[in-house]
Amino acid sequence: MLGYISTINCRSTFIARYFGEDAPEDCGICDQCLRSKQPKLNSDQFAFIYKTVIERTHQQSIPVASLFDHFPEIHSGQLRKVIDFIQAEGRLGVDGEGNVRVDG
Ligand SMILES: [Zn+2]
């Protein structure tokens, strides 16, 4: 069942196929279905969010929730993706109270 974990398609259809169903429909509610529904982030949007997050958090801690308020038009999953990216770069830190901050 390792494929279940690594599948990039609907998890429900994976199981249905495993049990012999020919053309199962996507469930629409598993994490993979939700991910595929999320609008793609283009490079301009990415650059804009990236820049704004850095500006807002540069050498000042702000609650991560308030970051989301800055981007009412952006899907929260997309913002999270950019935040994850900055965190992976090692620039963004999160403290125990859920405040984010960029140093350097
Ligand atoms: Zn699904």
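Using the Karplus equation 6.51 cos²θ - 1.76 cosθ + 1.60 (θ = phi - 60°), what ³J(HN,Hα) coupling, rounded to whole Hz, does each residue of the stretch 52-63 give in order, writing x for Gly and Pro?
Here the 3J(HN,Hα) series is 5, 4, 4, 4, 5, 10, 5, 6, 8, 7, 10, x Hz.
If we count every other residue with Cβ under 12 angstrom of residue 58's Cβ, Lys/Arg +1 and Asp/Glu -1, where does the sum land?
Around residue 58, the charge tally is +2.
Once you have the Cα-Cα distance between residue 33 and residue 101, take 0.36 nm times their residue separation minus that, and quote the gain in nm to one decimal.
Taking 0.36 nm per residue and subtracting the Cα distance, the gain is 21.3 nm.
What is the magnitude of the charge dipole of the chain about its Cα centre, with +1 placed on the Cβ of each Lys and Arg, -1 on the Cβ of each Asp and Glu, and no other charges, expressed in debye to the nearest 20?
Working: 11 positive and 14 negative charges, 28 e Å.
Roughly 140 debye for the chain.
Quote the Stokes-Einstein diffusion coefficient, in whole µm² s⁻¹, for the stretch 25-104, based on the Kirkwood radius over alpha carbon pairs, a temperature of 37 °C and a viscosity of 0.692 mPa s.
On the way: Rh = 13.5 Å.
Rounded to a whole number, D works out at 243 µm²/s.
Explain nothing, just compute: Karplus ³J(HN,Hα) = 6.51 cos²θ - 1.76 cosθ + 1.60, θ = phi - 60°, for every residue of the stretch 38-51 in order, whole Hz, x for Gly and Pro.
5, x, 5, 8, 7, 5, 5, 4, 4, 4, 5, 5, 4, 4
Between rounded, prolate and oblate, where does the stretch 56-95 land on the alpha carbon gyration tensor, with a ≥ b ≥ c its root eigenvalues, rounded for a/c under 1.5, else prolate if a/b exceeds b/c?
Note, shape of the stretch 56-95 comes out oblate.
So for the chain, averaging the separation of alpha carbon pairs under 8 Å that are six or more residues apart and normalising by length, what relative contact order in percent results?
Rounded, it is 23 percent for the chain.
Coordinate-derived values only; no laboratory data. The shown structure was predicted, so the numbers you read here are calculated from the model rather than taken from an experiment. Don't worry about glycine lacking a Cβ; one is built from the backbone with ideal geometry, like all the others, and counts go over all protein chains shown.
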